[in-house]
């Protein structure tokens with residue numbers, strides 16, 4: 001049985017191409033969350049709810065006793081801890097968003113390299129987007 005060769009080689013991606021892609025992604029995320037040089041954009045969607053609940057916990061209210069939330073309190077507790085460390089600032093939500101996006105990109109790149117280095121052709125079909 002012939003050996004399976006990935007559609008493209010990981011070694012074909014030069015360090016410059018990877019660095020340029022990574023830097024342009026960071027610039028895009030920065031300009032998406034801040035007005036240059038450092039004014040954060042107004043958060044929308046669920047971020048406002050997490051921000052308010054984290055602020056309420058920072059001020060001493062207790063989740064499920066003083067206010068109710070249907071979803072698990074992970075993000076609310078994360079914002080509350082960040083507010084206690086850095087104070088209440090509008091840049092905290094975009095900063096967590098950028099951190100989360102960077103960590104997801106990092107883990108996706110590692111997974112992609114592991115799958116492409118493996119000799120299992122089924123792995124490329126099981127994990128979409130690689």
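Could I have the simple spin-label model distance between residue 65 and residue 97, label points 7 Å from Cα toward Cβ, reported in nm to one decimal?
Those two pseudo-labels are separated by 3.3 nm.
Can you give me the distance in nm between label points at residue 88 and residue 111, each placed 7 Å from the Cα along the Cα-to-Cβ direction?
Taking the simple label geometry, residue 88 and residue 111 are separated by 3.7 nm.
Could you list 76, 114 in order of exposure, starting from the residue whose Cβ has the fewest other Cβ atoms within 10 Å? Before the final figure, lay out each step's value.
Values: 76 22, 114 13.
The fewest-first ordering by Cβ neighbours comes to 114, 76.
Read-outs: derived from the displayed coordinates by stated rules, not from any lab. The shown structure was predicted, so the numbers you read here are calculated from the model rather than taken from an experiment. Reconstructed Cβ throughout: ideal geometry from the backbone, glycine too, with neighbour counts over all protein chains shown.
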